[in-house]
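The values are calculated or read from the model by the stated rules, or taken from the named source; none is laboratory data. Quick caveat, the model's predicted, so the values are computed rather than measured. Here the Cβ is made from the backbone with ideal geometry for all residues, glycine too, and neighbour counts use every protein chain on show.
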Amino acid sequence: MSSVELSVVIPVFNEEEALPALAERLRPVLDGTGETYEVVAVDDGSTDGTAGQLTRLRADWPELRVVRLRRNSGHQAALTAGLHHARGHYTASLDADLQDPPEKIPEMLALARSRHLDIVYGVRGNRSSDTGFKRRTAGAYYWLVRRVVGGHVSAQAGDFRLLSREALDALKALPDQPQVYRLLMPWFGFPSGEITYRRDPRVAGRTKYPLRKMVLLAVDSVIGFSVAPLRLAVWLGVLAFAVCLGMVAYTLAVYAAGDTTRGWTSLIIAVLFVGSVQLICLGVVGEYIGRIYTAVQRRPTYYVADDTAAAVAPGAAVT
Ligand code: UDP
Ligand code: MG
């Protein structure tokens, strides 16, 4: 397996409009470093002209490597595929829409080398280019994960980061489950540093993160890193029990007073209250069981259709 100094992993999903601009900005930066490098573009089952664009770009950019996934597997899975295929001593991950400035990559590399860091996070110093809605939802997300997962998670660190070979190998040694890398990487505890950058607006096209996917990411983040929701379920149960004890006392008092026909309202309230607490707790338990189920199935999170750097026929499984 040939190796290069720097790999740049880019998940790409329906980004035909952004790709030319990306290549135009990224290539001079990487050529300018004087390092050996590869760009691993992971085509996450794009249905627009992305595949054609990548082939065209590759024609005169030999360092560009395209790993094509069989179907759309999602941002984190595409990122996983890219990280698994990267061969560099250092590996940077970058979005295709130029929201993360490629010019910062050499800076990250220099910082990692000079301070012997295994991870350099790109931290968004300023999100003024994001919509108010995106900023508020992101704010709520980082508030939640810092509370539930722990304060060591850097607020505003997205998926723009640089990993050393050692950090990447640690990551690759984990079972192939969908991972929320922005939370997983701090968990390892490697020496790490940060560079701040300005998050630019998307260069072209539309966000591939609708609200639905943001909610799923938040659920994955919490459930994947904490059992706090299970504890919360226990406390909800305790609360429901306490309320029910009160209701029992009240019912007995009413009974003792010989007035047994009253109590329809409290009966309905009690039934609904206990019922909803049970459903919520069941749902929380179900989320964990669902993850256990997926984990024991051990299905890979992505399938590679072909990799321009691999000496295997297209269609063969690449590991
Ligand atoms: N992406 C992907 N698969 C998906 C969704 C997104 O590979 O199913 C890529 C997308 O092309 C981009 C990166 O992941 O390079 C981040 O997505 P996006 O910019 O839409 O997210 P946002 O910046 O709006 O959070
Ligand atoms: Mg983006």
Original post:
Hey, Asn14 hits all of (1) assigned to a strand (DSSP E or B); (2) within 10 Å of ligand 1 (Cβ to nearest atom) but one; which does it fall short on?
Top reply: (1)
Subject >> Of residues in the stretch 196-211 being of a type in the set (Val, Ile, Thr) and within 12 Å of ligand 2 (Cβ to nearest atom), the one nearest to Gly74 (Cα to Cα) >> reply: Thr207
**OP:** For the stretch 209-227, name all the residues that are part of a helix (DSSP H, G or I) and among the small types (Gly, Ala, Ser).
**Re:** Ala218, Ser221, Gly224
Original post:
Just to be sure, is Ile195 part of a helix (DSSP H, G or I) and of a type in the set (Val, Ile, Thr)?
Top reply: no
**OP:** Check whether at least one residue in the stretch 43-51 is surrounded by 14 or more Cβ atoms within 10 Å (Cβ to Cβ), assigned by the TED database to the domain that holds Thr91 and assigned to a strand (DSSP E or B), and report yes or no.
**Re:** yes
Original post:
Say we look at the stretch 86-101 and pick out the residues that are within 15 Å of Lys172 (Cα to Cα) and part of a loop (DSSP other than H, G, I, E, B); which of these is farthest from ligand 1 (Cβ to nearest atom)?
Top reply: Arg87
Original post:
Which condition number in (1) within 17 Å of Val304 (Cα to Cα); (2) in a helix (DSSP H, G or I) is the one that Val67 fails?
Top reply: (2)
**OP:** Could you pull out the residue among Gln156, Gln179 that is within 13 Å of ligand 1 (Cβ to nearest atom) and surrounded by 18 or more Cβ atoms within 10 Å (Cβ to Cβ)?
**Re:** Gln156
**OP:** Please identify the pairs in which a residue from the stretch 193-215 that is within 12 Å of ligand 1 (Cβ to nearest atom) has its Cβ atom under 6 Å from the Cβ atom of a residue that is of a type outside the set (Gly, Ala, Ser) and part of a helix (DSSP H, G or I), counting only partners at least 6 apart or on another chain.
**Re:** Met214/Thr137
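Yes/no matrix, rows are residues, columns are (1) assigned by the TED database to the domain that holds Glu24; (2) crowded, with 18+ Cβ neighbours inside 10 Å; (3) in a loop (DSSP other than H, G, I, E, B):
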| site | (1), (2), (3) |
| --- | --- |
| Ala112 | yes, yes, no |
| Gly122 | yes, yes, no |
| Ser129 | yes, no, yes |
| Phe133 | yes, no, no |
| Arg136 | yes, no, no |
| Ala140 | yes, no, no |
| Leu144 | yes, no, no |
Subject >> Among residues of the stretch 10-42, those that are surrounded by fewer than 17 Cβ atoms within 10 Å (Cβ to Cβ) and of a type in the set (Gly, Ala, Ser), counted >> reply: 3
Original post:
Among the residues of the stretch 245-256, is any small (Gly, Ala, Ser), without any contact (Cβ under 8 Å) to a residue 24 or more places away in the chain and not in a helix (DSSP H, G or I)?
Top reply: no
Subject >> Residues located in the stretch 17-37, provided they are in contact with a helix residue (DSSP H, G or I) (Cβ under 9 Å, 6 or more places away or on another chain), more than 18 Å from Glu107 (Cβ to Cβ) and more than 12 Å from ligand 1 (Cβ to nearest atom) >> reply: Pro20, Ala23
**OP:** List every residue pair whose Cβ atoms lie under 7 Å apart, where the two residues are 6 or more positions apart in sequence or sit on different chains, the first residue falls within the stretch 78-104 and is farther than 18 Å from Leu54 by Cβ, and the second residue, located anywhere, is within 13 Å of ligand 1 (Cβ to nearest atom) and in a loop (DSSP other than H, G, I, E, B).
**Re:** Thr80/Thr301; Thr80/Tyr302; Gln99/Arg199; Gln99/Asp200; Gln99/Arg202; Asp100/Leu94; Pro101/Asp200
Original post:
Of the residues Asp306, Asp220, which single one is closer than 26 Å to Ala140 by Cα, surrounded by 15 or more Cβ atoms within 10 Å (Cβ to Cβ), of a type outside the set (Phe, Trp, Tyr) and not assigned by the TED database to the domain that holds Val145?
Top reply: Asp220
Original post:
Hey, any hits in the stretch 27-42 for a residue that's outside any loop (DSSP other than H, G, I, E, B) and within 16 Å of ligand 2 (Cβ to nearest atom)?
Top reply: yes
